[in-house]
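Every number here is computed from the coordinates shown, using simple stated rules; none is lab data. Fair warning: this is a prediction, and the values are worked out from it, not measured in the lab. Glycine also receives a Cβ, built like all others from the backbone with ideal geometry; neighbour counts cover every protein chain displayed.
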Amino acid sequence: MKVCFMLGMGLLMCQNIVAQETAGTPILNAYTFSDGSLLHSMSNNGKWAVAYGADAASSAYSFPKLINLETQEVKDLLSESELNNISGEATATDVTDDGNIVVGSKEGKPGYWTISTGKFTTVKLATNTIGGRINAVTPDGRYAVGQSTKGGYDEVPMLWDLENGTVKETNWPKTDLGGQNQGMTRFIGISADGRYIVGCVSYSYPSDVLYFVYDRDNKTTDPIGFDYDEASKTYSPKVAELHHIDGVHISANGKWVGGNAYLTNDAVVPYRYNLETGEFECFNNTESQDKGCVTIDNMGTIYASTPAYSPSRTQFVMNGKYWYSLDELLKVYGIDFYKKTGYDATGYIWCASDDCKTVIGNAYISQESYMLTLPVTFAEACGAVNLLSDYSVTPRNGSSLTNMSNVSIKFTRNVEVLGNKNDIVLKDEEGNTVKTALKFAINSSNNSTVEIGFRTVTLDAGKKYTIEIPAGTICVAGDRERTNEAITLTYTGHGTAPVAMTAVVPENNSTVGHLSMTTNPVVLTFDTDVKVAEGAVAQLYRNDEEEPFTQLNLLAGNTESTYKQVMVYPTTIENLYKGNTYRIVIEEGAITDLSGASKNEKIEITYEGSYERTVVSDDTHIYQENFALGMTNMMLYDGDHNTPVEEMQAWMFNATTTPWWYAADDDYSNTCAVSHSMYDPAGKSNDWMVTPQLYIPDGKCFLSFKAQSFRKAKTDKLKVIVYATEVTYNDLTDATIEKFINEGDVVMDEVLSPGANEGILGGEWQNYSFKLDKYAGKNIYIAFVNENENQSAVFVTDIQVVHNQDFTIALTLPESVVAKESQDIKGTITVKNGTETYSDIKLQLLDANNNVVDEIAESGLSLKVDDKYEFAFSKPLPLTIGTVNNFSISIQLGSLSDVFVTSIKNLAFTPTKRIVLEENTGQGCQNCPLGHLAIDKLTEVYGDRFIPLCYHTYTGDNLESGMTEYTAYFLGMTAAPQGRINRGAIASPMVSYTENGVVDYTFYAKDGSCWMDIANEEFAKETEADINIDVEYDETTGNLNIPYSVKFALSQDKLNIGMLCVVTEDNLSGFQQNNLYSMTDEDLGEWQKDGAYGKSIVRYVFNDVARALYPSNNYNGQLGLIPTSVEGSKEYTGTITINVNKNASYVSDVNNCKVTCMMIDANTGAYINAARAAVNDPSGIDSINSDNSDINIYAANGNIYVNAPEGATVNVYSVDGQTLATTKVNGSAHLQVNGNGMAIVRVAAGKDVVVKKIAL
């Protein structure tokens, strides 16, 4: 394998791939241009190619390139300054055989580059035209064809003589199939000898478009696919079903023309036209339909891809009456196209060389191109393919079975059976015949499937069995010459014992917060390959209830690593609430081996629920909710199931699961909940949003919230119900809602105001407040109900339940400490009662067992409203290291008494905390430079303890890597630039304030809502676990191996931790739109006016671009890697493996990649900590240690000290692989390193190497 890179503007990654190092093997070159360029044409001799792409910001074609296909050298035809300042398109559309002339356009004008001089020559334009493009050139560089344009759709076809700079006259056609002259004719291609030109008339009118061949020798026009009647001046199709031609390609030798034919039944099929014989063929058989992007070579071989009009296609080659997929051709040579290129599709081929052995193609509509050279012509390669070599087998070949009875072999083509059932035998491992087939026939409903049946026989456990299908017993349907090679199927006996579950994640009897397919499924592993019986499901029971409260789906694995697994998951997320025990029950027979035998015995898995709806409160607030984190902390009920109108669907509403949903203004301010009554057909809403259960301690509490409606022409009402009950509800049912209606109190049922502006929320809220004294000493729920009919929408935010307390207590206490034996406890009592005066106070400090540690008593006081009583216990609270230490304070103030219960975490050590920013960004996003600035600022302040992950999901962004579902639907980020730090609230990178007409940008918001504000808050919190990783790339397997080490500072149980890996890539070239270029502000750095990036569109090198999530189907990460119970200070290790080709196919250059591993609490979705390392990071050499006592490394006060023999080399790396310092040692050395956190020090003295991780 040869890997080469083009640094700078295009950033090409080229892999030169051969099956083996022998002559006569195919060469497959994968080209990936980070600027989105694609290969567009090739010289006739197959030695040169040209490429260009589209500027993401302006959508104009740009980045023209010349590629030497023999040396892989890439030449940019425009300098960086030209790219930054060019107006109009720049393309490279064709190249001569010597590679010296590249034709195309520059600044929207047709012309050609002379490579030897570096000069672009603009060719002559037709009269009254202003631009155009050259589309093709003859291999000797003499003639070129294209069009001149007048602007808009007007075009004039052009034939240029490049040798003398003249325009050659042609008798080109002007009217289309409909007899209209739309002033729209172009020349598209030209034969190598310059005689034949292909083109089209009225290209933008599909029904009337005319494709033609112009013969320069005879000065005649031949309409492709149609005959022209001069008398009636009308066209008639050569084949009855032809409607019009859609596309044309001419072979270099001028013999063949091919393209797409659009038929009267709307089918798209390839056509072929022989210019020598005049034969026109339309391939309208089933296999040819929906194949487009047609290319034809000098032998008349057709290359076409399917679907015809899709961004992702599969390439086929037609030889004789058969179509051969490109990957099928390469398998003959032992090459896996997808594995070798990393592409997901074979795409479409642009053109073929004169010798019909080399083609260029594009795997996708952006970035991904390839060149393939075969040792024989493609037609000859097709002849070497066994048409029946591609098939799938059920039960899977190589699996373990209890019984053998039926086997199905599904081919990619329809087949016939030539042999008879006696030809098929089942043999044991000694070669003895066990059974002869009773059936060997085509499936009655699928002609591509062969069914083999035996009288059922049980296979002995552990023994090997084979089924032989002799060569020549199956043929392609209608062609007895195309038969199968011998097929051997191998199976192992499983025995008659039921399939046995060997593992379950999360573990049985562990604590689980929720079940979800994407964030926390239950995965069962069995002792053999398994399948789920038809219609089988699992049931979820709660506590001792005899009836299941919900049904769970069962899904068997279908990949090499999951064939033995079954996933158990709900249709939508199912929370498992704290205080409840849950049982998953899978009945007997729901899961079997692949033969349908060895049915499972009944499976029961028990979990303790841990989910608690967050009740946000402080000393005066019993409850607060502003929906900044969405709808997670509310219970929802949809009682109408009406279908939302399209406008509401765009707000993410559906008919079943979104009675209320999250909303905000465009700038992400005014977060709120919204419910609507806009249905199709019109109907009445019955949509409920209910708080968690809230305790109202006395008669000094009240409810407040803000609300407004949507449309001015509508009368939207909001109903609010308070329901007092001691019953704990974790979800809402029909019966529960009936109780609210019949037993609850309606405290509000009013029409809301929409405000002055329907388009915004800010500044238009109405405040509502209601006393809750009636509910003193009771538990209550508060329901917000939308019962409107055919109105618009209601919005609610800033819900608060406020307690006017007699006194409050605040402790001066850290949330956690490190390795302390005791902790001083002190704080402040603040009087809130405005009518009483208190003369005495008594405080007791109690440990976790309610033992009195210390006491404070004082009398003779005169404490009134707002007075503060500061206290400090003389005896400290004893602490246990490595645990959560619970304690309480008993308070008696006059006749009032209360107990304040809290805890302090005593960490065994201080883990290195890192924060992760997940950013939604894009090249076409004008405000996204604000994100770049904020990331630079955070990196400057926090160094490698700050980890940015940049998800490019902006429309048209060529760095998009399939992350939209994750960012938009899971993280909830639909605008850019937005970000979430440690999976917290969605926030902006910077804000601006205008004072006295001057706009001032800042990284710090007045309300503390910017990334820098949130980062400061996060770093003020300790984390409870340390994590470190290395990343090693194995070129042989294509695997990223990620050894990890996790150590907890607290002993804990009931854990359910996921490990989510994100692969990011650096040094990706592109463009960035910039809306800051006209502004002047110090904090805007180089993006402001006169800065290095102070233009509306600039070239930019992107780093930290997210390319893959692993696992991609569980956003809380891979479960089961960390035990459910952990000991403090104990190291837990393992290795995560990511295959780049399969799991990170968007990666351009693996050597520019880093991997971030986030620890996520899968029960709550909360972020714990993360680590990051570069591919082949120097931390990966941590195991190298000569144990040389002459080498000593230690750190003190931010400095690194090394004692080592003379001449030893010292390298200091950050944990993400950056070199921090380098020096030579002469006995001893002292290195000053800026920054905090972990560092890796590598000392090499001759053959002795010592590597040590140290904390700065």
State, as an integer percentage, the relative contact order of the chain based on alpha-carbon contacts under 8 Å between residues 6 or more apart. 6
Under the rule of -39500 (n - 2.57) per DSSP H run of 4 or more residues, summed and divided by the residues of the chain, what mean residue ellipticity at 222 nm is obtained, to the nearest 500 deg cm²/dmol? -1500 deg cm²/dmol
Relative packing of 389-396, 883-890, which averages over residues the other C-beta atoms within 10 Å, highest first: 883-890, 389-396
For N1139 and D824, extending 7 Å from Cα along the Cα-Cβ vector and measuring point to point gives, in nm, a value of 6.1
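Give me the net charge for the shell around I780: Cβ to Cβ below 11 angstrom, other residues only, Lys and Arg +1, Asp and Glu -1.
Values: positive: K774, K778; negative: E726, D745.
Result for the local shell: 0.
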What does the charge dipole of segment 621-801 about its Cα centre add up to, to the nearest 20 debye, if the Cβ of each Lys and Arg holds +1 and the Cβ of each Asp and Glu holds -1? 500
Plugging the Kirkwood radius over Cα pairs into Stokes-Einstein for segment 222-261, at a temperature of 37 °C and a viscosity of 0.692 mPa s, what D comes out in µm²/s? 289
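Work out how much length E485 to E726 would gain on full extension: take 0.36 nm times their residue separation and subtract the Cα-Cα distance, in nm to one decimal. Don't skip to the end; give the middle numbers.
Numbers: separation 241, 0.36 × 241 = 86.76 nm, distance 7.35 nm.
Gain on stretching E485 to E726: 79.4 nm.
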How many nm separate the modelled label positions at S79 and N171, each set 7 Å beyond the Cα in the direction of the Cβ? 4.9
For a protection proxy built on the mean count of beta-carbon atoms within 10 angstrom, sort 910-921, 727-738 highest first, please. 910-921, 727-738
Subtracting the Cα-Cα distance from 0.36 nm times the residue separation, let me have the gained length for N767 to D1034 in nm, one decimal. 89.9 nm
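Just round it to a whole percent: the fraction of Cα-Cα distances in segment 178-298 exceeding 25 Å.
On the way: 1272 of 7260 pairs.
When every Cα pair of segment 178-298 is considered, 18 percent fall beyond 25 Å.
What net charge is computed for the residues neighbouring Y1115, neighbours being all others with C-beta under 14 Å from the C-beta of Y1115, Lys and Arg scored +1, Asp and Glu -1? Provide the component values of the computation, followed by the final result.
Working: positive: R980, R983; negative: E918, E965, D1161.
Net local charge, Y1115 excluded: -1.
With charges only on Cβ, +1 for K and R and -1 for D and E, what is the dipole size of the chain about its Cα centre, in debye, rounded to 20? Mind dumping the intermediate values first?
Details: 91 positive and 157 negative charges, 365 e Å.
Its charge dipole is roughly 1760 debye.
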Report the label-to-label distance for E647 and F970 in nanometres (one decimal), using points 7 Å from each Cα along the Cα→Cβ vector. 3.3
Using a Förster radius of 60 Å, what is the FRET efficiency between N886 and N742 based on their Cβ-Cβ separation? Nearest 0.05, please. 0.90
Using only the alpha-carbon atoms, how far is helix 734-743 inclined from the longest principal axis of the chain? Give it as 0 to 90 degrees, nearest 10. 40
Using the Kirkwood formula on the Cα atoms of segment 621-801, what hydrodynamic radius do you get, in angstrom to one decimal? 16.5
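Could you calculate the contour length gain from F549 to K842, that is, 0.36 nm times the residue separation minus the distance between their Cα atoms, to one decimal place in nm?
Working: separation 293, 0.36 × 293 = 105.48 nm, distance 4.93 nm.
Between F549 and K842, full extension yields an extra 100.5 nm.
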If you line up the long axis of helix 929-942 against the longest principal axis of the chain, both from Cα atoms, how many degrees apart are they, to the nearest 10? 50
With the label point 7 Å along the Cα-to-beta-carbon line of E604 and a cut-off under 20 Å to each amide N, the hits in segment 505-523 are 505-512, 522-523
Given the options T725, P692, N654, identify the residue whose Cα lies farthest towards the positive end of the charge dipole of segment 621-801 (+1 on Cβ of Lys, Arg; -1 on Cβ of Asp, Glu). T725
Of C1153, C928, how do they rank once you tally other Cβ atoms within 10 Å and put the fewest first? C1153, C928
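When N counts the residues of the chain, how does its alpha-carbon radius of gyration compare numerically with 2.2 N^0.38 Å, as a ratio?
Rg over 2.2 N^0.38 Å, computed on Cα atoms: 1.10.
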To make sure I understand, if each residue's beta carbon is the centre and we count other beta carbons within 10 Å, what order do V137, V532, V1241, V865 fall in, fewest to most? V865, V532, V1241, V137
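Quote the FRET efficiency, to the nearest 0.05, computed for S389 versus K463 with a Förster distance R0 of 22 Å and r equal to the Cβ-Cβ distance.
Working: r = 29 Å, r/R0 = 1.30.
It comes to 0.15.
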Can you give the FRET efficiency for N285 and T502, using 1/(1 + (r/R0)^6), R0 = 45 Å, r = Cβ-Cβ distance, to the nearest 0.05? 0.35
Going fewest to most other Cβ atoms within 10 Å around each Cβ, I1240, I841 line up as I841, I1240
